[in-house]
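Q: Once you've had a glance at the structure underneath, I'll fire off some questions.
The values are calculated or read from the model by the stated rules, or taken from the named source; none is laboratory data. None of the values given here were measured: they were computed from a predicted structure. No Cβ is skipped: glycine too gets one built from the backbone with ideal geometry, and neighbour counts run over all protein chains shown. These accessible areas exclude ligands, DNA and RNA; they are computed on the full protein's heavy atoms, side chains included. Shrake-Rupley method; radii C 1.70, N 1.55, O 1.52, S 1.80 Å.
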Amino acid sequence: MSSCLVFYEKESISNFYPLSLSHTTAELRCGILTLGAKWQTRLGVTDTIYLTRNSIARHVAVNCGVTTNHLDSSVADNFSFIDPCFLPNSEIAHKLAGESSNLALFVGGNVALVRVSKAHELVAAVGKSLKSGSADEVARLVADAARQLPRIDAELKQVNYLWDLVHENGAQIAVDFELLSPELNFSDMHHVSDIDDAAVLYNADDIYIDRDSQIDAQVVVDARGGPVFIGKNAFVAPHTRIEGPAYIGDYCQLVGGKIREGCSFGPHCRVGGEVEESIFQAYSNKYHEGFIGHAYIGEWVNLGALTTNSDLKNNYGNIKVEFPNGMVDTGLNKVGSFIGDHTKTGIGTLLNTGMVVGFASNIFGGGMVMKKSLPSFVWGSTEGFVDYDVTKALETAEVVMSRRGRELADPTRELFRAIFDESARQRASL
């Protein structure tokens, strides 16, 4: 019996700002895997559909190579509608494997998953909603259907903000490592990758290095605090120390420095200096010295030399994060920065505790940015900001992406212009 996972969003997607400007919840990374990939791996299902806002649907389809906002009942025998904000575990995967279609999984009073056959009225209702041009009704339709189905209750962790992903990241690296380990060939690592004899691997049983990677002399990979997963075609230069739990994605380059515990770098990131308990989504650079801690960095971000964020207040108090619609108390005393896709910082940029920077902004001039939040498409320094012309931002993005062999697709160009227009009021209030 064929299955398809349908990842949908709720109104609370805005809590994941600024990554939510250009990403669905299922794309976000926590541990080794994205939130969507965790469910795919646990349930053994590869076919997926992403239901998201129209403003980003075409961009996500191109960027991730997935089907968005289209549901064809003929593609599978059953469909699981999943809120990816819930983190699956082995117990729930085992429980679901023993159940047939037409069920609802609840965590507390919240719907985490609804599985129905292709003939169920929910599939038709969602398909009709999408044909009318919107995915906004999907969460309500799923919740309504869930109340009419046989119920399974479970205890699963839930993430509601970007700092939740960061806070859970180290533990989720260990969970994902255990999940993936049965399929990994640890004994073949030294034959399929170039691991220098002078590299030091502590607790090597909890270190996995995928094929065609290069680990140079004077590299230390320390898995005594948790597992370390290094993807394929990665390069780790001399004088780099990696402390587990850590995930270094495919084609990443670590060019020296301290990668402290709890870090996840998606594919094609280039990282140096000191990073602690932070997530880089993909294709982002922190090539030089400087400290990034307890942060979530989007895609195509470039952090200039000595860019540093604060992640702890001098009074050790709770840190508040400023969203476009107001301030939120994180309840945590260790919170760094949250930086949207295509944003750049110049040399010596200092980011305040819990700072948020939107999409495609450019900060330069050095020194402390004395703001808690900057909107999308701002250009300037501590002396003041102006609008960053969207045409110039697109020209820069085209150059940056071409350097990694990627093209700036038309749907992404449209997304740039849409975010520029939507953030105009925020820029005007600076």
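Q: With the condition kept exactly as written, say whether any residue in region 322-337 is part of a strand (DSSP E or B), crowded, with 23+ Cβ neighbours inside 10 Å, within 20 Å of the chain's Cα centre (by Cα) and at pLDDT 95 or above.
A: No: zero hits.
Q: Output the number of residues of region 235-254 satisfying the condition of being assigned to a strand (DSSP E or B) and aromatic (Phe, Trp, Tyr).
A: 2
Q: I need the full set of residues from region 11-20 which are open to solvent by 10 Å² or more (accessible area, probe 1.4 Å) and part of a loop (DSSP other than H, G, I, E, B), in order please.
A: If the condition is that a residue be open to solvent by 10 Å² or more (accessible area, probe 1.4 Å) and part of a loop (DSSP other than H, G, I, E, B), then Tyr17 is the only one that fits.
Q: Tell me which residues, restricted to region 283-296, are on the phi > 0 side of the Ramachandran plot and either aromatic (Phe, Trp, Tyr) or open to solvent by less than 10 Å² (accessible area, probe 1.4 Å) (or both).
A: Tyr283
Q: For the subset of region 406-430 comprising residues that are open to solvent by 70 Å² or more (accessible area, probe 1.4 Å) and in a loop (DSSP other than H, G, I, E, B), which member is farthest from Ile363 (Cα to Cα)?
A: Checked region 406-430; the qualifying residue farthest from Ile363 (Cα to Cα) is Glu407.
Q: I would also like to ask the following. Being open to solvent by less than 10 Å² (accessible area, probe 1.4 Å) and in a strand (DSSP E or B) is the filter here; which residues of region 346-376 pass it?
A: Thr349, Leu351, Val356, Val357, Ile363, Val369, Leu374 - these are the residues of region 346-376 that are open to solvent by less than 10 Å² (accessible area, probe 1.4 Å) and in a strand (DSSP E or B).
Q: If we scan region 119-135, do we find a residue that is out of contact with any Leu (no Cβ under 8 Å at 6 or more places or on another chain), under 13 Å from Lys10 (Cβ atoms) and acidic (Asp, Glu)?
A: Looking through region 119-135, none of the residues is out of contact with any Leu (no Cβ under 8 Å at 6 or more places or on another chain), under 13 Å from Lys10 (Cβ atoms) and acidic (Asp, Glu).
Q: Which ones in region 360-412 are within 15 Å of Glu299 (Cβ to Cβ) and in contact with a helix residue (DSSP H, G or I) (Cβ under 8 Å, 6 or more places away or on another chain)?
A: Within region 360-412, Ala360, Ser376, Ala393, Ala397, Glu407, Leu408, Ala409, Pro411, Thr412 qualify.
Q: Within the set of pairs 6+ apart or on separate chains, which have a first residue in region 205-227 that is over 11 Å from Glu243 (Cα atoms), a second that is surrounded by fewer than 18 Cβ atoms within 10 Å (Cβ to Cβ) and of a type in the set (Ser, Thr, Tyr), and C-beta atoms under 6 Å apart?
A: Matching pairs, first to second residue: none at all.
Q: In the list Glu299, Glu274, which residue meets the criterion of being at pLDDT 95 or above and open to solvent by 30 Å² or more (accessible area, probe 1.4 Å)?
A: Glu274
Q: For region 21-117, please list each of the strands (runs of 3 or more DSSP E) lying entirely inside it that holds at least 2 residues being open to solvent by less than 10 Å² (accessible area, probe 1.4 Å).
A: 78-82, 103-107, 110-117
Q: Quick one: what pairs do we get from region 377-405, first residue closer than 17 Å to Leu430 by Cβ and among the small types (Gly, Ala, Ser), second outside any strand (DSSP E or B) and open to solvent by 50 Å² or more (accessible area, probe 1.4 Å), C-beta under 8 Å, 6+ apart or different chains?
A: Within 8 Å, the pairs are Gly380/Phe364; Gly380/Gly365; Ser381/Phe364; Ser381/Gly365.
Q: Residues of region 120-139 being charged (D, E, K, R) and modelled with pLDDT of 95 or more, which ones?
A: Glu121
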